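Worksheet for the structure shown next.
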Amino acid sequence: MTSILMVCLGNICRSPLAHGILESKLPSHQFYVDSAGTANYHVGDAPDHRSISVAKSHGIDISAQRGRQFQILDFDRFDYIYVMDQSNFENVVKLARNTDDIAKVKLILEVDDSINDKRVPDPYYGDLSDFEHVFSLLNNTCSILSTTLIDKTL
Ligand code: 4NP
């Protein structure tokens, strides 16, 4: 089983979308996908209603996800840790115990060479169009990522 963790700040807007989108593109018997936030603001909460609604409009149900905070043990539990922006990167790397931990952490948009700005913008204070933009960025990136991950496990 290959395991992938998506990480943002609150675990209610971006990483739940990344989690649901990647999960929808991978066979569940070979891949485990989860998400977490670096902050504890939304532990136990459902994703933001705008993330739920944008995902639903693209045929993905993320409503059963619940927020949780990233923990040091996640470095052991996951093979790959994808963060949404530089601030998430720094927050996760701060908790790393060694270079193996650090090597697992990547900005998710690094997998897409066609994108210059490697930040998945935080849509929390935005409107539905910002959530649509995040969905579209993550959908393209997760298509690339799923192909790479499937190739690696063949
Ligand atoms: P996320 O967005 O990191 O994409 O889940 C945020 C959600 C909540 C907050 C900040 C960002 N907050 O400050 O509560």
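The values are calculated or read from the model by the stated rules, or taken from the named source; none is laboratory data. Keep in mind that what you see is a predicted model, and the values were worked out from it rather than measured. Here the Cβ positions follow ideal geometry from the backbone for every residue, glycine too, while neighbour counts run over all protein chains shown. Surface accessibility is based on the protein's heavy atoms, side chains included, excluding ligands, DNA and RNA. Shrake-Rupley method; radii C 1.70, N 1.55, O 1.52, S 1.80 Å.
Would you please list the contacts, defined by Cβ atoms under 7 Å and residues six or more apart or on different chains, that run from a residue in the range 9-30 that is closer than 24 Å to Gly126 by Cβ and at pLDDT 95 or above to a residue that is of a type in the set (D, E, K, R) and within 16 Å of the ligand (Cβ to nearest atom)?
Note: pairs meeting the criteria are Leu9/Asp122; Asn11/Arg68; Ile12/Asp45; Ile12/Asp48; Cys13/Asp48; Cys13/Asp122; Arg14/Asp122; His19/Asp34.
Please work out which residue is surrounded by the fewest Cβ atoms within 10 Å (Cβ to Cβ), limiting yourself to the range 90-136 and to residues that are hydrophobic (A, V, I, L, M, F, W, C) and within 12 Å of the chain's Cα centre (by Cα).
Leu107
Could you tell me which residue of the range 42-61 is most open to solvent (accessible area, probe 1.4 Å), considering only residues that are under 17 Å from Glu23 (Cβ atoms) and not in a helix (DSSP H, G or I)?
This residue is Asp61.
What number of residues within the range 14-29 are in contact with a helix residue (DSSP H, G or I) (Cβ under 6 Å, 6 or more places away or on another chain), open to solvent by 10 Å² or more (accessible area, probe 1.4 Å) and not aliphatic (A, V, I, L, M)?
Number satisfying all stated conditions: 1.
Mind counting the residues in the range 39-54 that are touching an Asp or Glu at 6+ places or on another chain (Cβ under 9 Å) and either among the polar types (S, T, N, Q) or away from the ligand (no atom under 13 Å from the Cβ) (or both)?
0
State which residue is surrounded by the most Cβ atoms within 10 Å (Cβ to Cβ) when the search covers only the range 75-89 and only residues that are within 14 Å of the ligand (Cβ to nearest atom) and not in a helix (DSSP H, G or I).
The qualifying residue surrounded by the most Cβ atoms within 10 Å (Cβ to Cβ) is Tyr82.
When only residues in the range 103-154 that are of a type in the set (Asp, Glu) and more than 19 Å from Phe78 (Cα to Cα) count, which is nearest to the ligand (Cβ to nearest atom)?
Asp122
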